[in-house]
1. Suppose R0 equals 35 Å; then what is the FRET efficiency for residue 307 and residue 699 from their Cβ-Cβ distance, rounded to the nearest 0.05?
2. What is the Cα centroid distance between segment 555-594 and segment 637-656, reported in whole angstrom?
3. Kindly identify segment 91-195 as rounded, prolate or oblate by the Cα gyration tensor criterion: order the square roots of the eigenvalues as a ≥ b ≥ c, call it rounded if a/c is under 1.5, otherwise compare a/b with b/c, prolate if a/b is larger, else oblate.
4. Indicate, rounded to the nearest 5 percent, the antiparallel portion of the DSSP beta bridges found entirely in the chain.
5. Rounded to the nearest 20 debye, what is the charge dipole size of the chain about its Cα centre when +1 sits on each Lys and Arg Cβ and -1 on each Asp and Glu Cβ?
6. Segment 298-358 to segment 148-179: how many Å between their Cα centroids?
7. Projected onto the charge dipole of the chain (+1 at Lys/Arg Cβ, -1 at Asp/Glu Cβ, origin at the Cα centre), which of 690, 523, 174 gives the Cα projection farthest towards the positive end?
8. For residue 18, which sequence-distant residues (separation of 5 or more, or a different chain) have an amide H within less than 5 Å of its own amide H, given hydrogens modelled in the peptide plane?
Amino acid sequence: MGTVDVDSRAKHKAHFVGALLKVASRCNLDCDYCYMYHHVDQTWRTLPKLMSFETIHRFATQLNLYVSKHTIDEFSIVFHGGEPMLFTVEGLRRACDIIRSEVVAECNIDFSIQTNGHLLTDKAIQVLENAHVGVSLSLDGPKHVNDLHRVDHSGGSSYRATYDALQKLIESRSNIFQGVLAVIDPCVPPAELLDFFSQFELPSLDFLMPDATHANPRFHNSSRNVLRSWLIEAYNLWYSEYSHLPIRFFDAVLSSRLGVQSPTDIMGFGTVNLIVIETDGSYTDHDVFKITKDGLNHLHGNVENTSLDSMAIHPKVLEHGRRLSVEGVANECLACPVLEACGGGAVMHRYHEERGLDAPTVYCREMFSLLSTASTLLRNDLDDTSNSYRSLSSDSFLLFNSEFVANCRNWRLKVEHRASALAQVMGLHCRENIPAAALWLKHSQSSVDNESAGFSAVHPKDYWRGTIRIQTDEGWLSKPFADSIRVISVDSAEYRHGLAMLPMAERYLSEFSPFLPNAIGALISDIIFVETTVEGESGIFSFSDDSAPNVLYISPYAGDQPLAPDDIADSILHEFLHQILYHVESATPLLHDHKFPRFPAPWRSGFRQSGGFLHGTFVFSGLALFWQAIAQSNGSNLPSYSGEKAAANAATFRDQATYGLRSAYNFSLLTAAGIKLVENIAQVLDLDSLEMQAPGILN
C-alpha cells in the first residue's frame, strides 16, 4: 500500500475491537476461490503450519496492554486459518484459557471459529460450547453447488462432512452456532439457493461475492452482467418470499436506504478495527488483501516485540483507514449517488494494476444496481397516501403560466389566514403590521404565554412591485437564522445597490417568463437583504427556510463585489423555487424519508439529506431553464447581458439537475407524487432518460 505521512493520517488510526488468529496456515480442503491459497500472495508456504502456544501467550499480553490502555470492554477473537480445527479442539480450548487468563482488564472476550466443519464432531461441539466459542460454518449450498468450488485436495466432494456438521450444530441446540457463510456462484439459480437454506433455522446467513480485483476479475467482459443479474433476482426473491432468511449482506443493503451503517466489509465507510496475527506471530492487515499483490498487507511487526498501538498507526493501516473514508475513494465514486452506502466498495476489490487501490470496486456495477433495486422495492412497499398533486397540474411547476400565478396567490392567502388565527391565539390585535413569517418564527421558539411581547411595528419604506416589502423592520424575521445571516443596514451601499438592482432583475425574470414576476409578487411577502455570517463564504449567497414562509433573504454582494442584475435575478428565483416546493410539500408529501438515503451533491460539499437533495434538484432544474432562456434571448432588453455567461450557467445547472433527477429517481424514497414530480421535470428539461449508469465501471 506504500508509506504515508503518519501525522497527516492520524485521524485514520485503527481502533481494534477484533483479531483474527490464524492458528493454522494449512487447510484440509482446496476451495478454488480461496484468497489465501489461490490468489497472488503465497506467504502461507513459508509460515509454520500451526501457531504455538507461546505465540498465543505473547498475543494475549499485547492484547491486555491494549484493551487496558483504551478501556475496551468488548473484544472479538476469531480463530481462523486455513482450517482452524487443524489446531485441534483441545488446542482451541487451551488458547481461550491462555487469553482469558492473560487479559486481566475488564474486557469481555468473545471467541469464535470459521470452519468447514469436517473435523466438527459431537465431542468437539461440546468442548467448544464449554469454552464458549461460537461456530460459523462455510457452506455454499446443496451438494452440486457446494462441490463446484469447495473440494478436497484430490478434487473430491466436501459436501457430506460439512452438511453433517451443520446438522450436528442444529440438533445440538447449542447457542454457539452463529450461522453460515456462502460464496455466490451466479450459475446457480437464486431460488434454488434460497430454498435450500430456508429449510434450516439459521441464526445468520451471509452471501459473499467471490474475491476479485481489476487485475484478476472473477467475471470478465463477456459475463459482466451475470453476477449483477443474479444479485437482483436473488434480492427480489429474498425481499418478497424469503425475508425470514437473515442474509446479512441483503439486510445491510436494505438498511442502507434508511441510513444504517453497514456491518459488512463489502460496503460502507468505517475504521480499521481488525488485526490479523499469522501462525508465526506476525501482524498483517486484513487477510483479503492477499488477493491484491504479494506483501501488500504485511506490517512487519510481531507479537513478540510490537504493540497493538504501534500497529494502529502503521502507515499501511492508516492508508487502509483512509480508504474507508470519503477522501480515500476513487474520483469516479465522488459523483455516485450511492457513495455513502457503498463506501467505494471493499477496499481489496478496488485493486488495479496501474491505479493500485485508487479505483472503484470491481463490483461497482453490481453494488449500484443492487442498491437501486433495494430503493425501488422499499419505496413501492411503503404506504403512499399522496398519489396525485393536490394543488398544481402536472406541468405547472416550472412552466410558469396564469394557473401558476393563481396557485401562488392561494398559497399566500393560506399562510396569511393561518397567521391571523395564530395572532388571535397569541392575543395580538395589530396583526396586520406583523409579517406572517415573524409570527411563525416567534411562535415556534417561545411559549404561547409570552408571545405578546417581542414584535415591532412594520413600516417599510421600500417595496418591490408594490406588494413585496423590502427590509421589513421586524427582528423575528432574522433572529432564528443569526448563525447564517446578518441583515444589512438600509443606510449601506450594499442595500442601495440591492434595491437599485430589483427593477433590472425583474427584466431578466420577465425574459424567462412574463408570468414569473407576477407569481413572485403573488407569493412573496418580504425580501430581506443580508450578508452571510458563515466563515469562508465568499460566493453568491441567498437563503430561505420553510419556517419563514414567503420570505426571501438575498445578498446583493458576493464578498466585496456587487452582484450584476442577472445574478440578483438568479438568487430571487433560486429562493422563490424553494418556497414553491415548501408549499407543495405541505399539501403533498414527496418523500417517505427526508433524511435518508443521503447523496453527494455537485453543488455542495458533504452528503445531502434526501429532502435537501430533492430541493436542490428542483431549484437547479428551474435555474437551468432560466439561464437557457437568457442565453437564447438577444439580450437587447437586458442590462449587463452576457450570452457567454448565460450559456455556461445553463450548462452547469442542467448537469446538476440531470444528476439530481436521475439520482433521486433511482435511489430516493420518493412517494408516487415525488416520482411524478421528477418525471415531469425530466420531461420539461427534455431528458432522454432517467436511467443511470454506475460511474465507476472501468471495464
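The values are calculated or read from the model by the stated rules, or taken from the named source; none is laboratory data. Since this is a predicted model, take the numbers as computed values, not measurements. With ideal geometry, Cβ positions are generated from the backbone for all residues, glycine too; neighbour counts draw on all protein chains shown. Accessible surface areas use protein heavy atoms only, side chains included; no ligands, DNA or RNA. Shrake-Rupley method; radii C 1.70, N 1.55, O 1.52, S 1.80 Å.
1. The calculated FRET efficiency here is 0.25.
2. 17 Å
3. Values: a/c = 2.33, a/b = 2.14, b/c = 1.09.
Here segment 91-195 falls in the prolate category.
4. Values: 21 of 56 bridges.
Rounded to the nearest five, the antiparallel share is 40 percent.
5. Numbers: 54 positive and 82 negative charges, 41 e Å.
Using Cβ point charges on Lys, Arg, Asp and Glu, the chain gives about 200 debye.
6. 33 Å
7. Selected residue: 523.
8. Sorted by chain and number, the residues that satisfy this are 76, 275.
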